[in-house]
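Notes follow once the structure below has been shown.
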Amino acid sequence: MRSAVLRPVRWWAGPLLLAAAALAFDAADRRIPFGVWTTGPVDEVAHLATAALGLLVLARFIDAPRRFYVAALIASVAIDLDHIPLYLGLLGNEGQRPVTHSLSTVALFAAAAVASRRHRAILAGAAAGLVLHFARDIAEGYPGVRVFWPLQDTSWMVSYRWFLGMIVVFTAARLVLVSVGLPRRRITVFRTPPPSGSIPRSPDGPVASGARLPGLEPQGPDHEAAREARSPHFVTESAMVP
């Protein structure tokens, strides 16, 4: 009973809480004077909440292993480690985001995912997390994001309404899709097909090793009938037959 009550609460409370966190921490990030130890943690929480909200929508369309989503969430904040050489004055221009903040990095992870069968889910998840990270970065104002580097060195920037619209669309899409039960089937990706000879699955779940499927019981001697034939009652009745 408790689980039945909490289930409908979880499906709408989760997206709303993530949306509220993304908007609240983004607003705080815009108002706090810039500093690695002041705005940095606030900015990363906003990135993480935004990515989680976007992945909730994506999960309605694809059936991916957990490692895909974990990699996406980690990548959505870990990409900002590329600022460290910039802050140390070792590489790049402090007036620009690093060139790794571009679709070139996404393309690199996507190509690696195609080439690596073993780590495909993790690499593809990282690419998805980077896209969600850059989608918020371009709405943070100066210095923007060099989206198409090295083909183009121009920084791209959009207004705050882009980020606000992204959060509203993600939240509404998740709530509507879940409430109406769409899509009916998800696309399975990054999962290895079960090996031959594995335990068969039924609509109610995997079949236990000791269970028997209907119609597949081994055919052998009827031991119950044999016991009845040996019982004294059966012998007495048989002796009475002329």
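The values are calculated or read from the model by the stated rules, or taken from the named source; none is laboratory data. These numbers come from a predicted model, not from an experiment. When we count neighbours, we look across all protein chains shown, and the Cβ atoms used for this are built from the backbone with ideal geometry, even at glycine. What goes into the accessible areas is simple: the full protein's heavy atoms, side chains included, and nothing from ligands, DNA or RNA. Shrake-Rupley method; radii C 1.70, N 1.55, O 1.52, S 1.80 Å.
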Could you sort the peptides 10-19, 136-145 by per-residue average Cβ neighbour count (10 Å cutoff), highest mean leading? 136-145, 10-19
What is the mean projected area of the alpha carbon convex hull for region 53-153, to one decimal in square nanometres? 7.1
Quick one: which residues, 5+ away or cross-chain, put their amide H under 5 Å from the amide H of W156? H built at 1.01 Å from N. V145, R146, V147
Per residue, in Å², the accessible surface of region 22-132 once ligands and nucleic acids are set aside, probe 1.4 Å: 52
Using only alpha carbons, build the gyration tensor for region 1-113 and give me the equivalent ellipsoid semi-axes, biggest first, whole Å. 31, 21, 9
Taking the Cα centroid of region 123-140 and of region 68-105, what is the distance between the two, rounded to the nearest whole Å? 11
